Amino acid sequence: MEQLLGTVASFMSRRGIAAHVVGGAVRDRLLGSQGPRPGASEAGYRDIDIAVSASVVELADELAEATGGVAVVMDAERGHVRLVVEDSSADGHQWLDLTWDGGDFDSDLARRDFTINAMAVPLDRWAEPVKDALIDPQRGADDLRDRVVRETRPGNLVSDPVRLLRAVRFASQLEFELDGGTAAVIADNARLLGTVSGERVRDEFFELMAGRSPADAVRELDRLGLLDQLLPELTAGRGVDQPREHFYDVMEHQLQALELAGRLVNRESRSSDPVLSRAPWRPEFDDYLGEVIGDGQTRATLLKTVALLHDIGKPECKSLDPPTADRPNGRIRFLGHDRRGAEMARGLLHRLRCSRRTVAHVSLMIEEHLRPSQMSTDWARPTDRAIFRYFRDVSPVAVDTVLLNLCDYLAARGPLLEGPEFERYFEMLGDILSRGLEPEPKRFSADLLLDGRQVQERFGLQPGPEIGRLLGALRHDESSGAVRTRAEAYEMLARLLRAGSIASWETLIETISKRTGSARNLIRLERCRDRGADVQGGHAYLGSG
């Protein structure tokens, strides 16, 4: 980075153009001079903002040629150009964001969001000790020392309302406090967050969730009135009582789950926690949770996001059973809240303009978040078949959902948690992960007990896609151990073919409803239908289960 900055500094100097490093890079350099801080980013070392006194857009091609990089015009109106240059870093590149200062550098600094981001250093002095070359008209260095996030000048936050959310994000990431006057401005203007584009809100929200203390940040959003604007689906759970097995109301339960998820994915916090340190954790999970899924977010950040949202369907699904001897006030139920919550999450994430992969990842976890704890009774050892079906159905997020279920369980019990109970529960989850992540036995990939020709001859079928669907169902049942002999294979296929006389989804769903009344089977069938499968695929899916 030093070589790139030197090249750009020489380029600007030869043309008589003033250039200053501004914003986060200066802030983080100063924080680094005070010692490492857990919330400080690496922006000062890999991507740097530079304010220049000329139109960067007009210089873009020359700048790219001089540095051997690529200049991308990000915003022609604001004169914002991103210069990207290959290097040997983990990501293979480094970049500079150059923006025209409007011809008035002092006013440019004053327009910035917070005092700690309104400091600058001349580009040609960046290699010097930062304090020796600091330009700080807003006294941001004092606020850094006092660990305060303060509005640069009145009106700057409301001029760009995403800054209302950003203030909380910075305070959380840097472990600073909000200045009292700044907090009052945010609370008075929280409604303006609704005017910000979904993409910008999304980016700030995920930055906040990626931090070390997202639960504290969400509580601060709530205190300032921003949470009702950002996540009304979450605040709808405020004061919604739960069954006696739960210690908290619906909203507080989700905040507790978020706090647990934040500690779980952090190696230091996990190892020092008396309960989480005993959780079923595998060394490879740390790298696994670092995988980027969608919108630049890792599995760890999305796990925390789902922990915060996993029960948003409960308020709409709440019902009360009649009183009984052991429950004189009746029993609270939330039937179908997992599926309803997944639907609501999809709507929420679409509102934030999230990618399809992010939406699918989050909604599937919410829809299946109860499933790991439903594989057995009283935390007994689940069957091979139950584990196989779980990893088959939830494979993209199977591990993530087990970890979510763990946070959900601990958050539900709260201070009511008892050692022997959670130890049995942890053992069950560990067993699910251990067996579910084992390499498949050789028999999983071995030849089937029956081939297509034998199926045709036995049942008088003609060649076609029907044979493939039947063999797919057979492969599943062989892999899960439900079918072990040719006789069992023929019987299983016969059942599927008998069910094949039901010709439409509507008839199939109605028949299963009358026959079993199983809500889970109905949900599975409707999921098949909604995913575009034909009715025979529904027979095979249900029959194989």
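The values are calculated or read from the model by the stated rules, or taken from the named source; none is laboratory data. Being a predicted model, the structure only gives us computed values, none of them experimental. Cβ: placed from backbone, ideal geometry, glycine included. Neighbour counts: every protein chain shown.
Of all residues in region 290-308, those satisfying the criterion of being out of contact with any strand residue (DSSP E or B) (no Cβ under 9 Å at 6 or more places or on another chain) and either at pLDDT 95 or above or of a type outside the set (A, V, I, L, M) (or both) are GLY294, ASP295, GLY296, GLN297, ALA300, LEU303, LYS304, VAL306, ALA307, LEU308.
Scanning region 1-16 for residues that are out of contact with any Lys or Arg (no Cβ under 9 Å at 6 or more places or on another chain) and either among the polar types (S, T, N, Q) or in a loop (DSSP other than H, G, I, E, B) (or both) yields a count of 6.
The residue of region 172-214 that is surrounded by the fewest Cβ atoms within 10 Å (Cβ to Cβ), among those that are in a loop (DSSP other than H, G, I, E, B) and on the phi < 0 side of the Ramachandran plot, is SER197.
In the set (1) assigned by TED's automatic domain parsing to the domain that holds LYS304; (2) surrounded by fewer than 19 Cβ atoms within 10 Å (Cβ to Cβ), MET251 fails one condition alone, (2). Of the residues ARG125, ARG163, which single one is modelled with pLDDT of 90 or more and crowded, with 23+ Cβ neighbours inside 10 Å? Residue meeting the stated conditions: ARG163.
When region 87-103 is limited to residues that are over 19 Å from SER13 (Cβ atoms) and assigned to a strand (DSSP E or B), the one that is modelled with the highest pLDDT turns out to be ASP97. Sort out which residues of region 98-143 are closer than 18 Å to ARG29 by Cα and of a type in the set (Phe, Trp, Tyr), and write them in order of number. Passing the criteria: PHE114, TRP126.
For region 142-154, the criterion of being among the hydroxyl-bearing types (Ser, Thr, Tyr) and assigned to a loop (DSSP other than H, G, I, E, B) is met by at least one residue.
The set of residues in region 114-151 being among the charged types (D, E, K, R) and farther than 26 Å from VAL8 by Cα consists of ARG139, ASP142, ASP143, ARG145, ASP146, ARG147, ARG150, GLU151.
Failed condition for ALA54, given (1) modelled with pLDDT under 80; (2) among the small types (Gly, Ala, Ser); (3) not in a helix (DSSP H, G or I), with all others met? Looking at each condition in turn, ALA54 falls short on (1).
Per this entry, GLY262 is not counted among residues that are under 20 Å from the mean Cα position of the chain (by Cα) and modelled with pLDDT under 95.
Evaluate the following for GLU284: is it in the same structural domain as TYR409 (by TED's automatic domain parsing) and either on the phi > 0 side of the Ramachandran plot or touching a helix residue (DSSP H, G or I) at 6+ places or on another chain (Cβ under 7 Å) (or both)? In short, no.
Counting the residues of region 57-86 that are surrounded by 14 or more Cβ atoms within 10 Å (Cβ to Cβ) and assigned to a loop (DSSP other than H, G, I, E, B) gives 2.
Put simply, of ALA215, ALA133 the only residue that is free of Cβ contacts under 8 Å to residues at least 24 places away in the same chain and either within 22 Å of LEU302 (Cβ to Cβ) or among the aliphatic types (A, V, I, L, M) (or both) is ALA133. Checked against (1) touching a Lys or Arg at 6+ places or on another chain (Cβ under 7 Å); (2) at pLDDT 95 or above; (3) closer than 30 Å to ARG267 by Cβ; (4) of a type in the set (A, V, I, L, M), LEU174 meets all criteria but (2).
Restricting the first member to region 374-401 and to residues that are over 18 Å from ALA473 (Cβ atoms), and the second to residues that are modelled with pLDDT of 85 or more and hydroxyl-bearing (Ser, Thr, Tyr), the beta-carbon pairs closer than 7 Å and six or more apart or on different chains are MET375/TYR390; TRP379/TYR425; PRO382/SER376; VAL394/THR401; ALA398/TYR390; VAL399/TYR288. Residue selection: LEU109 satisfies the criterion of being at pLDDT below 95 and in a helix (DSSP H, G or I). Give me a count of the residues in region 221-230 that are closer than 16 Å to THR305 by Cα and crowded, with 22+ Cβ neighbours inside 10 Å. Residues flagged as closer than 16 Å to THR305 by Cα and crowded, with 22+ Cβ neighbours inside 10 Å within region 221-230 amount to 2.
Condition (residue is modelled with pLDDT of 75 or more, acidic (Asp, Glu), part of a loop (DSSP other than H, G, I, E, B) and at negative phi) applied to region 474-489: is it met by at least one residue? So far as region 474-489 goes, no, none of its residues is modelled with pLDDT of 75 or more, acidic (Asp, Glu), part of a loop (DSSP other than H, G, I, E, B) and at negative phi.
Looking only at region 245-266, which residues are farther than 16 Å from LYS304 by Cα and free of Cβ contacts under 8 Å to residues at least 24 places away in the same chain? Selection gives ASP249 alone.
Every condition in (1) modelled with pLDDT of 95 or more; (2) over 25 Å from the mean Cα position of the chain (by Cα) is met by LEU349 except one, and the failing one is (2).
Somewhere in region 430-444, is a residue among the hydrophobic types (A, V, I, L, M, F, W, C) and at pLDDT below 80? Scanning region 430-444, I find at least one residue that is among the hydrophobic types (A, V, I, L, M, F, W, C) and at pLDDT below 80, so the answer is yes.
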